[in-house]
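One structure is given here, and the rest of the page talks about it.
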Amino acid sequence: MSHTPVLSIRGLHHAYQVGATRAHDPAPARRHVLRSLDLTVQSGEVVVLSGASGAGKTTLLTLCGALRGVQEGELRVLGRDLRGLSARQQREVRSGIGFIFQSHHLIDALTAGQNVVMSLLGRVPLPEAARLAETALDSLGLARRMDALPEALSGGEKQRVAVARALVRHPALILADEPTASLDTASADLVLDALHTAARRWRAAVLLVTHDPRVFAVADRRLHLADGVLVEPRPHASRPRLQVAAR
């Protein structure tokens with residue numbers, strides 16, 4: 001059995017240019033957001049990342065998801081080095097990742113079910129895709145909203161449709177950016193249950209960015225990003241673990 005991490009980062013460094021570049025500037029100013037960062041996430045592990053706004057959490061997720069190029073260091077997803085990839089190769093990597101963004105990014109002209117089915121097109125026959133989409137939405141409390149257009153859904157429902165769309169393919173890596181921020185307690189519990197199930201049953205690796213303390217209940221490991229480096233917060237009193245409902 002292979003123990004290769006799903007996500008492996010060594011010496012990752014990332015900076016943004018600050019201000020306009022002038023011809024006489026020998027080296028434009030740069031703001032460093034990630035500094036020699038190391039991280040591994042194993043199959044079946046849920047890693048929760050916190051940090052102040054602007055600390056670089058979303059930058060880290062977009063790098064892990066091949067949404068931006070690696071500047072310095074090594075970043076591997078399922079053993080594949082992401083540095084120096086072409087646009088086509090980046091798309092290939094992204095096809096194996098489940099993304100959950102802060103914004104739902106649903107297609108307004110498609111129903112909830114159709115939005116989820118879109119994630120499966122070309123992978124399985126359409127009838128099977130429809131069945132899988134219905135199962136995914138049902139697990140998130142949206143079985144009766146299959147045929148609803150996004151305009152008829154609440155903000156929390158839209159976010160849960162986006163979660164179903166990300167998870168329906170059973171990706172090996174799930175990258176989630178504040179997935180519960182706009183959700184009430186009941187909806188957040190459904191989303192956390194789904195992520196916990198993905199890790200435990202499908203052995204997905206989950207890297208989740210959040211400010212929401214409710215998420216800590218599903219964490220195998222908690223990390224904090226500050227000044228471009230990762231630190232483990234001091235242990236607190238034990239929290240109750242999320243109980244995954246039998247399905």
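We did not get these values from a lab; they are worked out from the coordinates using the rules stated. Just so we're clear, the structure is a prediction, and the values are computed from it rather than from any experiment. Ideal geometry is used to build each Cβ from the backbone, glycine not excepted, and the neighbour counts take in all protein chains shown.
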Selected residue (criterion: surrounded by the fewest Cβ atoms within 10 Å (Cβ to Cβ)) from residues of the stretch 26-56 that are in contact (Cβ under 8 Å) with a residue 40 or more places away in the chain, outside any strand (DSSP E or B) and out of contact with any helix residue (DSSP H, G or I) (no Cβ under 6 Å at 6 or more places or on another chain): A52
Meets criteria (under 17 Å from L106 (Cβ atoms), part of a loop (DSSP other than H, G, I, E, B), of a type outside the set (F, W, Y) and without any contact (Cβ under 8 Å) to a residue 40 or more places away in the chain) for A133: no
Top-ranked residue in the stretch 57-76 [being in contact with a Lys or Arg (Cβ under 9 Å, 6 or more places away or on another chain) and not in a strand (DSSP E or B); ranked as farthest from G96 (Cα to Cα)]: Q71
Filtered residue count, the stretch 57-72, keeping only those that are in contact (Cβ under 8 Å) with a residue 12 or more places away in the chain and either in contact with an Asp or Glu (Cβ under 9 Å, 6 or more places away or on another chain) or closer than 20 Å to S119 by Cβ (or both): 8
Filtered residue count, the stretch 177-189, keeping only those that are in contact with a Gly (Cβ under 8 Å, 6 or more places away or on another chain) and crowded, with 20+ Cβ neighbours inside 10 Å: 2
Hits in the stretch 57-91 (condition: of a type in the set (D, E, K, R) and crowded, with 16+ Cβ neighbours inside 10 Å): K57, R76
Cβ pairs under 8 Å, 6+ apart, first in the stretch 183-197 and within 17 Å of V47 (Cβ to Cβ), second among the hydrophobic types (A, V, I, L, M, F, W, C) and surrounded by fewer than 20 Cβ atoms within 10 Å (Cβ to Cβ): L192/A217; L192/L242; H196/L242; H196/V244; T197/V244
